[in-house]
Structures are given as C-alpha cells and as structure tokens.
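The values are calculated or read from the model by the stated rules, or taken from the named source; none is laboratory data. Computed from a predicted structure; not experimentally measured. All Cβ positions, even for glycine, are placed from backbone atoms using ideal geometry, and neighbour counts span all protein chains on display.
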Amino acid sequence: MPDQHRKPYLEAHQQVRKSGGINLWFSRFASSTAQVVGHPFMFLAAVIVLVLWAASGPVFHFSDTWQLIINTGTTIITFLVVFLIQNTQNRDAKALHLKLDELIRSHNPASDDLIDIQKLSDEELDQLEKRYEKIRKACEARRAGKPSQIVAKHDSAKHDATNGAKRDAPAASPPKKPAA
C-alpha cells in the first residue's frame, strides 16, 4: 500500500503510541481478554468448574455458602467481562464504520451523504431505509422489464454539486434514442 494512503493511519498510530496511557493499555487488555474468553477451551473450563462445584455439593451438604460461592464467582466474572467485551465491540464497530466511510468516500458513484450515518437518529435512519426500499423496488421493476413508477433521485442539491450529479438509481424510463 502506498505511503500516502497509509499516512492517516500511521499518524494516528504514532500519536497513540506517544501518549500511551490508560486508554492504550485498556484497549489492548480488553482485546486480549476478549480473545481468551471467547476461546472454546474457556467454555470447557467453565463447564469443568460447574461440574466440580456441583460434585462438591454433597460434601458441603448443599449449604447456602456452597451456593453463594458459585453465585458470587459467576456474578463478578460476568460483570467484569461485560465491560471488556463491550470495549472491544465498540472499537471494532468504530473501525468497521471508518472502513466503510473510506469505501464510500473513495467510490465515485456512492453518495457521500451516507458517511457517518450511524450517528443519525432512529427516525432519520427510518427515512433513509424507506428511501432505499423505493430504490430497491425500482431496480427490481427494471430487472423484471416492468416500467418503474418510482423515480429514485437523490434529494440533496448538495449531493448533485459535490458528487457530479450522481443518482442513487437510474430514472424510471430508459433514455430516448436520437432520431436518425
């Protein structure tokens, strides 16, 4: 990959390395822990612990303390692991959105208006979903050879100006051929 394309990544990487700190440490710790906790052997270890605990029940006469041990242990582990996994998922989601934003930005016919749509409200996302549903129906009608009753043009004049008057979907009727 040419250095010019990697420059933003490398600059961000160097800046984080210089600052170090708790965020960098926690991110690495959370990623490592999520990998360990998600491994099949960890599930097997948890099953073994539960079997041993259950087998020890008769020895401890199934007492309240015996039950409290497993309840407390599982609650503490679950409580801590939830934060670690959530941190990992948040970072993965952010990285995925940045990758998708870069693909949208770099693809000429794509609508730049879709960059960062994950920050829109639910109502705004519902409106976009309806708009793309209309576009999908127009494409299906076109593929089936039926005249589309839906013209799916982009709503934004800014989009036309910044993206060279691109459209999200072709017009409803095919262009007319010039008379010979």
Q: Evaluate the range 59-66: report whether one residue or more is in a helix (DSSP H, G or I) and touching a Phe, Trp or Tyr at 6+ places or on another chain (Cβ under 7 Å).
A: yes
| Does Ile115 qualify as being modelled with pLDDT of 85 or more and surrounded by 15 or more Cβ atoms within 10 Å (Cβ to Cβ)? | no
The residue that is farthest from the chain's Cα centre (by Cα), considering only those in the range 91-108 that are small (Gly, Ala, Ser) and closer than 26 Å to Ala30 by Cα, is Ala95
Of (1) surrounded by 15 or more Cβ atoms within 10 Å (Cβ to Cβ); (2) of a type in the set (Asp, Glu); (3) free of Cβ contacts under 8 Å to residues at least 24 places away in the same chain; (4) touching a Lys or Arg at 6+ places or on another chain (Cβ under 9 Å), Asp101 fails just (4)
Residue pairs qualifying under the 6 Å Cβ cut-off, at least six apart or on distinct chains, with the first in the range 23-35 being free of Cβ contacts under 8 Å to residues at least 24 places away in the same chain and the second being assigned to a helix (DSSP H, G or I), are Leu24/Val16
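Would the range 122-143 turn up any residue that is farther than 30 Å from Ile22 by Cα, of a type in the set (Phe, Trp, Tyr) and within 24 Å of the chain's Cα centre (by Cα)?
Within the range 122-143, the first condition is being farther than 30 Å from Ile22 by Cα, and the residues that meet it are 122-143.
Still in the list and also of a type in the set (Phe, Trp, Tyr): 132.
Restricting the remaining residues to those that are within 24 Å of the chain's Cα centre (by Cα) gives 132.
Scanning the range 122-143 turns up at least one residue that is farther than 30 Å from Ile22 by Cα, of a type in the set (Phe, Trp, Tyr) and within 24 Å of the chain's Cα centre (by Cα).
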